[in-house]
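Below is one structure, written out as structure tokens; the observations come after it.
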Amino acid sequence: MKILSIESSCDETACAVVENGRNVISSVVATQIDEHKLYGGVVPEIASRRHCESITAVCDEALEKAGMTISDCDAVAVTYAPGLIGALLVGVSFAKSLALAAEKPLIPVHHIKGHIAANYIAHSELTPPYLCLVASGGHSHIIKVNDYTEFETIGRTIDDAAGEAFDKAARSMGFPYPGGVHIDKAAKQGNPTSYKLPIPKTDKPYDFSFSGLKTAVINLVHNAEQKGEQININNLAASFQNTVSTMLTTKFIQAAKDNNYKTIALAGGVAANSGLREALAQKAEENGMKLFIPPISLCGDNAAMIGSQAYYEYLKGNIADSSLNAVASMKL
Ligand code: KG4
Ligand code: ZN
């Protein structure tokens, strides 16, 4: 089954053709980052406009690269939640029209479920059940993946998401948006134990909190500026990354141990972080767990992951009609 999938929940307009949930025939991602960078973050109104301008060309390109037309596809899938409402609406409206005109079933996909499914594309041997840590710009969740379409969230951030903390800390260090990747690069040249940063506590064992850590970095930079002291940015980036990786890894591995998981996975934009990937790989090995991580190209927002999840939604009969609407926030 070949599915044309569309993703427009934030600042990437993406389209892919995916076969049977696992085989990516084509995948196109048009990013708007250069424009949002000017404002230090995503400007929702600009995001919606750029999605409108590029969605037709992006979908044409995905079909062309696949050597197919829409009539060769068996269904149309789209991210309908969660995300920026105006951005989501562009993808949903486009997908609804396309599905109606081409007389194809329309499959609604939850963005976070898509991030998790990126692992199915990269790892043909991965099947549920397993425990997944999703860390992105908007989410930090520990999720029991009981089946392809059955999820249970057992841990979440009580304030900022991991990616948000990366981006805000990066901003205070002088890096452009989105700063996660810049912290990653700088951290490679720094000493991770040079700055002592707080590990925020939470009431529930698998919940996360990043806002105190983010504020600690911002205050550290401000205080140094006021006193005319030099900050070693590489060392601060390495210390911050090390603290976030330790926090995520410790709680996630504990959750896996407590719930008897031997198979675990990582997903979301922050899964691209080299410090987190290494820390988790080491802890998984120490605990005899098999860890799955998508390649960097599938960690950030893309439509291939949406096409993968869409296949399993279709098999479960999750088909939408033309009343499908975009939803800004939605639980798994
Ligand atoms: O999943 P994603 O592309 O979009 C959302 O669904 O939110 O995640 C984007 C987030 C941004 O906060 C970005 O800074 C972060 O992922 N990110 C990274 C790295 N690459 C992307 N964070 C840390 N290290 C990276 N290498
Ligand atoms: Zn995402």
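A compact table of results
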{"read-out": "Three-way shape call for the stretch 230-309 based on the alpha-carbon gyration tensor, with the a/c threshold at 1.5", "value": "oblate"}
{"read-out": "Ordering of 119-126, 264-271 by packing [mean C-beta count within 10 Å, highest first]", "value": "264-271, 119-126"}
{"read-out": "Among 152-163, 80-91, the order from most to least packed when residues are scored by Cβ within 10 Å on average", "value": "80-91, 152-163"}
{"read-out": "Positive-pole candidate from Ile116, Ala320, Val43, dipole of the chain, charges at beta carbon", "value": "Ile116"}
{"read-out": "Centre separation in Å (Cα based) which lies between the stretch 86-111 and the stretch 142-158", "value": "25 Å"}
{"read-out": "Alpha carbon centroid spacing (whole Å) that separates the stretch 1-78 from the stretch 161-220", "value": "30 Å"}
{"read-out": "The stretch 178-320: relative contact order as a whole-number percent, Cα under 8 Å and 6+ apart", "value": "25 percent"}
{"read-out": "Gyration tensor verdict on the stretch 1-144 (Cα atoms; rounded if a/c is under 1.5, prolate if a/b is larger than b/c, oblate otherwise)", "value": "oblate"}
{"read-out": "Expected 222 nm ellipticity per residue - DSSP helices of 4 or more, -39500 (n - 2.57), all of the chain, to 500", "value": "-14500 deg cm²/dmol"}
{"read-out": "Ordering of 70-79, 171-180 by burial proxy (mean other Cβ atoms within 10 Å per residue, highest first)", "value": "70-79, 171-180"}
{"read-out": "C-alpha long axis of helix 274-286 to longest principal axis of the chain, angle in °", "value": "90 degrees"}
{"read-out": "Listed residues Asp184, Asp203, Asp147, most fluctuating in the chain (Gaussian network, C-alpha, under 10 Å)", "value": "Asp203"}
{"read-out": "Size of electric dipole in the chain: Cβ of Lys, Arg +1 and of Asp, Glu -1, about Cα centre, debye, nearest 20", "value": "900 debye"}
{"read-out": "Any cysteine of the chain lacking a neighbouring Cys Cβ under 4.7 Å - listed by number", "value": "Cys10, Cys52, Cys73, Cys132, Cys299"}
{"read-out": "DSSP bridge orientation in the chain - percent antiparallel, rounded to nearest 5", "value": "60 percent"}
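Values in this text are rule-based calculations from the coordinates and carry no lab data. All of these numbers come straight from a predicted model, not from anything done at the bench. Cβ atoms come from the backbone with ideal geometry, glycine included; neighbour counts cover every protein chain shown.
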